[in-house]
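Here is the structure we will look at.
Bear in mind that the values in this text are calculations on the coordinates, not laboratory data. Note that this is a predicted model, so its numbers are computed, not measured. With ideal geometry, Cβ positions are generated from the backbone for all residues, glycine too; neighbour counts draw on all protein chains shown.
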Amino acid sequence: MNRLGSLKRFATWPLLLLAAALLPYVVISGSARLLAATALIYALLAASWNLTLGIGGIFNFAHVGFFGVGGYTMAVATVTWDMNPWLGLILATAAGGLAGALAYIPVIRMRGIYIALITFVFVQLCYYLVLAIPGITGGSSGLTGVPALSVGDFSFAKYSGLGYLWLLGGAVVLLLVLLRTTLRSPFGKSLIALRDNENLAVSRGMNRIRQHLLAFILSGAVAGVTGALYVAYFRVADVTLFSFGFVTLGLSMIFLGGTGHIWGPVLGALVVTVIDRQLTDLGPARAIIIGVGTLLVLIFLPRGISGLLEDVWTRARRLLPGNPNKSAHRALQKPANQTMEVEESTHVH
Amino acid sequence: MSDALLSILVSALVLGSLYSLMASGLSLIWSTLGVFNYAHGALLLLGAYLIWTFSEKVGLPVLLAFAAAIPLLALLGMLLDLVAVRPFISRPNGTLLVMVSTLAIANAVEGAAQLIWGPQNKQIKSVSASTFALGDVRIASSTLIALALALVLVIGLITLLRKTKWGMAVRAVEQNRDMAMLVGIRPVRIYASVFAVASILACAAAFVYGTTTTITPTKGFEPLLTAFVVLVFGGSATLWGTLVGAFTIGLLEAGTTYWLGLQWSPVAVFLVLVLIMLVRPQGLVKGRS
């Protein structure tokens, strides 16, 4: 292993955690902190979505629904039922996981396109249910006045959301560690096996329904807590949580970042959030630019930014002193080999 | 027959006409290319706005405005095929990519409609303001026009697919793409023509939609999703199934709106869909045979 490789192996997580801890000292102004917090929330959403969409290879469009369910659970728990926000957070995690399980039930026996459509309908169902029970959810005007998270007397909203930045930054690192551990566990490997060759995986004794249900529950729970954090940060929940624009935004993050790596969607979320912020003044033109941009990325950058970076990284390694033969060998093998290292073989097929 | 029941039936006819036009276009694309066109609602939206522009801004009679919008929408449909479907259709996971790309286009079209036509409500003038009485309920003649349009176009499409050379080519590509190519059919052209035909049907749906309700840039998705429910409900076999499904869902929607209220009706329709999916998960819309 060359020096760069060992650096990558041992220093990544502590460095990421350090970056998360230092983030509020770099991002100081209120608007910059707002942007950073938004980007981190989207990073959580996109990275957890990728567990079913990219890694699981399931055409799951319901993820925004899990996010919204978590957000509404938080808002209803704290505003309508006057509960402690931390309790709301736990409740939202459970609700997200439950929503994941519920959304998976109708698609158990389906494939591809049907899964995409029925999970999409799940989001619509959430939207109309929220509108249909205004007594609890506030209907079309939503629920406002969600309390900010706080520890003792320290409100996370203080100092332009200092506490939120730490919380969200830590959550993103935690999620990446969780996803990496999941991918390396038998469960994660079974998901990839089911995606790449379902018949073989099933014939070797894997239970597709159980593994996919677990993936839905896990990613739903993460989306649920993400939704709760979103609502706790912006202090309001309304039906735009279930809107089409939100679905498109989330998908564009995943596909811009690339589904091939667990950190791809995180990168995509950061980039899209920053671009989206630059476009807010444009009004309706923003939707056009995001839509057309997504299309262009899909056409010209099929593996996303993470795929692009991977290529650059491979080239860089080949140029470095160390073990040129081995590096070249790895680089050549990679596109064709699907079962090498988990993190290198998570492309959607 | 009570008046309530009659008015439910009338609105079911209008909804059924709208959904059958939308769903038959979706079904045609689905069975031929194996993809779902999320931008179909956007096509409906563009059609409605084009008809509105031709009739209100250019001053054409409504029927002429409708006729003028048809070729434009067919072109837009082919453009959609070119940019959002063709680059992905042969890639691994192409169906997922087409869904994402058409969703992105739909979002972009919504933004464009907002820029061009503004967020205000627009309504296309009715062809004829006349009504006739059936019992105590007055039925607008536009209801009958919508019904006639839907029946003529969908049954026309069924006939085209059965009898014409084009229809045979479409069915050939749908059944075996490679064999079709061997006998000299170019799938790329068939796909483009399928999108053109589906867009024309969406334009007719836009005519029905725009004359019966007000349109805003965000209103394309609702009929799209209900049309999807129709596809599933109408089931496996043919466009006849789509036609029956469309009017059944129209009836269900009109009935639940009347008895449960406007906000519960989509919930009921979607729940029915989930129930059907649980019972009949296997290929819900199979190819025509």
Around B:Ala39 (Cβ within 12 Å, Cβ-to-Cβ, excluding B:Ala39; K/R +1, D/E -1) the net charge comes to -2
The distance between the Cα centres of region A:246-303 and region A:120-153, in whole Å, is 26
With Cα coordinates, the longest principal axis of chain A makes an angle with the long axis of helix A:3-26, in degrees rounded to 10, of 20
Once both label points are put 7 Å beyond Cα along the C-beta direction, the A:Arg277-A:Trp166 separation in nm becomes 2.1
Counting lysine pairs in the protein assembly as shown that sit 8 or more positions apart or on different chains, with Cα atoms under 25 Å apart, gives 12
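Chain B: longest stretch without exposed trypsin sites (Lys or Arg not before Pro) (DSSP loop, at most 16 other Cβ within 10 Å), sites themselves excluded?
Details: sites that count: B:Lys125, B:Lys286.
No qualifying site falls inside B:126-285, the longest such stretch.
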Tilt, helix B:3-33 to longest principal axis of chain B (alpha-carbon atoms), in degrees rounded to tens, equals 10
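Could you calculate the FRET efficiency of B:Arg177 with B:Leu82 from 1/(1 + (r/R0)^6), where r is the beta carbon distance between them and R0 is 22 Å, rounded to 0.05?
Numbers: r = 19 Å, r/R0 = 0.84.
Efficiency at R0 = 22 Å is approximately 0.75.
Rounded to the nearest 500, what is chain B's calculated 222 nm mean residue ellipticity when only DSSP H runs of at least 4 contribute -39500 (n - 2.57) each, over all residues? Write out the running numbers ahead of the final one.
Values: 11 runs with 204 residues, N = 289.
Theoretical 222 nm ellipticity from helices: -24000 deg cm²/dmol.
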Tilt, helix B:221-234 to longest principal axis of chain B (alpha-carbon atoms), in degrees rounded to tens, equals 70
Here the alpha-carbon Rg of the protein assembly as shown over 2.2 N^0.38 Å rounds to 1.00
Compactness check, region A:22-78: C-alpha Rg relative to the 2.2 N^0.38 Å globular estimate gives 1.44
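Given R₀ = 60 Å, FRET efficiency for A:Val151-B:Lys163 by Cβ-Cβ distance, to 0.05?
Details: r = 74 Å, r/R0 = 1.23.
According to the calculation, E is roughly 0.20.
Based solely on its DSSP helices, what 222 nm [θ] is calculated for chain A when runs of n ≥ 4 H residues each add -39,500 (n - 2.57) and the sum is averaged over all residues, nearest 500 deg cm²/dmol? Write down the numbers at each step before the final one.
Numbers: 15 runs with 247 residues, N = 349.
My calculation for chain A gives -23500 deg cm²/dmol from helical runs alone.
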So for region A:1-111, using the alpha carbon gyration tensor with a ≥ b ≥ c as root eigenvalues (a/c under 1.5 gives rounded; past that, a/b versus b/c decides prolate or oblate), I'd call it oblate
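For chain A, what is the relative contact order in percent, using Cα pairs closer than 8 Å and at least 6 residues apart in sequence?
On the way: 542 pairs, mean separation 100.6, N = 349.
Result for chain A is 29 percent.
Explain nothing, just the number: relative contact order of chain B, from Cα pairs under 8 Å at least 6 residues apart, as a whole percent. Spell out each step's value before the answer.
Numbers: 432 pairs, mean separation 104.0, N = 289.
Value for chain B: 36 percent.
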Placing each pseudo-label 7 Å from Cα in the direction of the beta carbon, A:Leu301 and A:Ala21 end up separated by a distance in nanometres of 3.2
Computed about the Cα centre, the charge dipole of the protein assembly as shown from +1 Lys/Arg and -1 Asp/Glu charges at the Cβ has a magnitude in debye, to the nearest 20, of 1940
